[in-house]
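The values are calculated or read from the model by the stated rules, or taken from the named source; none is laboratory data. Everything numeric in this text was worked out from a predicted model, so none of it was measured. FYI the Cβ positions are ideal-geometry reconstructions off the backbone, even for glycines, and counts take in every protein chain you see.
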Amino acid sequence: MPSIMRGLRPSKGEVAVVVGAGKSGLAAVQLLLRSGCQVRLLESNPLVLSGAEQENLRSQGVDLRFKDFAASDFTGARFVIPSPGIAKAKLEPCLDPEALRKGQTELIAEMELAYRYVEQEPILAVTGTSGKTTTVSVAAAMLQQQGYSVFLGGNIGTPLSTYILDERKVDVLVLEISSFQLQTCTTFAPRVAVLLNIEPNHLDYHRDMQEYTQAKMRLFRWQEANDLAVLGADLEPVVKEYGIQAQKVWVRASDRFKEMQLLGDHNRFNCEAAWAACRFFGVSLANATLAVQRFHPLPHRLERVREHKSVLYVNDSKCTTVAALAVALKAFERPIRLLCGGKFKGGDLRSLIPLVQAHVREIALFGAARAEFEAAFKDVVPMEWYPTLAPAVEYLSEKAEPGDVVLLAPATASFDLYRNYVERGSDFRKIVENLK
């Protein structure tokens, strides 16, 4: 995109407020410091940073405040950069509406901030309710197989600001981007934008499905006619309302990539989306096919953990929504013993009754959301509840028969028992590996 479309970079002496001391927040702090800004960092949990980290930040001139944010924390702010987990609606009441309207204060994502420093490197960006991480990872593998150098980051783990700070150059930036980030991206414009799907999700963060959908569609807002939009074919009724200017390619699952280690039709779809995106950069089908053949499933995403006594144990801890559970259930022809539970984020569990009847022999619940799952499935399949994951796994391991799958696909966030889905999946892996 022409640089004129990008917002202004922060300037020396301007006040910038970063909310949240996570990975993206800390990367934004360093980029703002390098730009000469006066930086305030707000963090509600003082345990997030070690004493040494706090001392280092203060030695660099950062005004570090451990508190819940209030309007006074944003006095004089030219830029406000929120953590992806902090809703725009929660921040805006603390900001001067007139300053926001006039552009005297900009509320922007870390991704948007870093984008303003990108020079000529084209961006391939992927969003969607599910499949983002697998799709960007496969796309990066395809590009690398073709011989391109790639930065893979964004919501997948390494902030774009880190790439800018490293002062290295690659051929293509491959970025995973969430609705949280997109909601405060104001000029972000990828050459290739991929929207995989939109299902009910994060309705504890977004006001409603309309706001969630609008956030996703911001990915295409500044694309031009010579850019590419790769879209799940099921999205056509939704997308037509938004007037995308880029060339459009609609994708469905296919058998194009016959040899793959990934499980399920949804991953065939993800590979198709990656291929459609990478063709824009001249990746050959032969190299794309090699990349898919060599690609290993990512941890906590329909990950094979162990085959024990002819029972397959699969870790899909990244399954945090009702839609993701539907995908997981369709991935197996073998009978499923299902593990669900956690902090329920919303969605219609009863819509899964036909899938549960067709694929699931039994459900073991653990942790929170017991009431939601029992209300949906108690009359459909046998069900037991346990306060934690370990006894639920042990129960199903005793009940499972040869040929079954014991599947961790919680359909929830992990925050009732774990810090994140990675910790939940790692605990499942450890429990399974210790089964006798």
Item to complete: Confirm whether T158 is of a type outside the set (D, E, K, R) and crowded, with 18+ Cβ neighbours inside 10 Å.
Response: no
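Where in the range 179-297 are the helices (runs of 4 or more DSSP H), entirely inside, with at least 1 residues that are more than 30 Å from L407 (Cα to Cα), touching a helix residue (DSSP H, G or I) at 6+ places or on another chain (Cβ under 9 Å) and at pLDDT below 90? Walk me through it before giving the result.
Details: elements: 179-182, 209-217, 236-239, 265-279, 285-294.
The qualifying helices (runs of 4 or more DSSP H) are 209-217, 236-239.
Consider the range 318-357. How many of its residues are small (G, A, S) and either modelled with pLDDT of 95 or more or assigned by TED's automatic domain parsing to the domain that holds N197 (or both)? Break it down stepwise before answering.
To start, the set of residues in the range 318-357 that are small (G, A, S) comprises 323-324, 326, 328, 331, 341-342, 346-347, 351.
Filter again for either modelled with pLDDT of 95 or more or assigned by TED's automatic domain parsing to the domain that holds N197 (or both), leaving 341-342, 351.
Here the count works out to 3.
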Item to complete: For the range 304-312, state whether one or more residues are of a type in the set (S, T, Y), surrounded by fewer than 22 Cβ atoms within 10 Å (Cβ to Cβ) and either in the same structural domain as A413 (by TED's automatic domain parsing) or assigned to a loop (DSSP other than H, G, I, E, B) (or both).
Response: yes
Item to complete: Please indicate, with yes or no, whether at least one residue in the range 392-410 is acidic (D, E) and more than 17 Å from P335 (Cα to Cα).
Response: yes
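Across the range 9-26, which residue is farthest from T186 (Cα to Cα) among those that are outside any loop (DSSP other than H, G, I, E, B) and not basic (K, R)?
For the range 9-26, the residue satisfying everything is L26.
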Item to complete: State whether one or more residues within the range 9-16 are under 25 Å from S178 (Cβ atoms), among the basic types (K, R) and either surrounded by 15 or more Cβ atoms within 10 Å (Cβ to Cβ) or modelled with pLDDT of 95 or more (or both).
Response: yes
Worksheet item: Residue check: is V327 among the β-branched types (V, I, T), under 17 Å from G425 (Cβ atoms) and out of contact with any strand residue (DSSP E or B) (no Cβ under 7 Å at 6 or more places or on another chain)?
Response: yes
Practice prompt. Could you give me the residue pairs with C-beta distances under 9 Å whose first residue belongs to the range 350-368 and is touching a residue at least 40 places away in the same chain (Cβ under 8 Å) and surrounded by 21 or more Cβ atoms within 10 Å (Cβ to Cβ), whose second residue is among the polar types (S, T, N, Q) and assigned to a loop (DSSP other than H, G, I, E, B) wherever it lies, and which are 6+ apart or on separate chains?
Written response: F366/T388; G367/T388; G367/T412; G367/S414
Worksheet, complete the sentence: Of (1) touching a helix residue (DSSP H, G or I) at 6+ places or on another chain (Cβ under 9 Å); (2) loosely packed, with under 14 Cβ neighbours inside 10 Å; (3) among the small types (G, A, S), G20 satisfies every one except (2)
Worksheet entry | Residue that is outside the structural domain of F415 (by TED's automatic domain parsing), of a type outside the set (D, E) and buried (at least 21 other Cβ atoms within 10 Å of the Cβ), where the choices are P237, P190 | P190
Worksheet item: If S50 passes every condition in (1) more than 26 Å from D208 (Cβ to Cβ); (2) more than 26 Å from the chain's Cα centre (by Cα); (3) at pLDDT 95 or above; (4) not acidic (D, E) but one, which one does it miss?
Response: (3)
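Give the range 76-94 a look and list any residue that's free of Cβ contacts under 8 Å to residues at least 40 places away in the same chain and farther than 20 Å from E211 by Cα, or say none.
Passing the criteria: only C94.
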Fill in: Hits in the range 58-85 - residues which are at pLDDT below 95 and of a type in the set (D, E)
D68
Worksheet item: How many residues are in contact (Cβ under 8 Å) with a residue 24 or more places away in the chain and more than 10 Å from C340 (Cβ to Cβ) if we restrict to the range 392-417?
Response: 18
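Scan the range 288-300 residue by residue and report those that are of a type outside the set (A, V, I, L, M, F, W, C) and closer than 22 Å to L231 by Cα.
Listed by number, the list holds a single entry, T289.
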Discussion item. Contact list please: Cβ distance under 7 Å, first residue in the range 278-289 and more than 20 Å from K248 (Cα to Cα), second residue not aromatic (F, W, Y), pairs at least six apart or on different chains.
Written reply: N287/M142; N287/Q145; N287/Q146; A288/M142; A288/C278
Discussion item. I need a count of the residues in the range 289-328 that are hydroxyl-bearing (S, T, Y) and farther than 25 Å from G342 by Cα.
Written reply: 2
Item to complete: Under 6 Å between Cβ atoms, at least 6 apart or on separate chains: pull out the pairs that start in the range 40-57 with a residue that is closer than 13 Å to V19 by Cα and end on any residue that is of a type outside the set (S, T, N, Q) and assigned to a helix (DSSP H, G or I).
Response: L41/V29; L42/D73
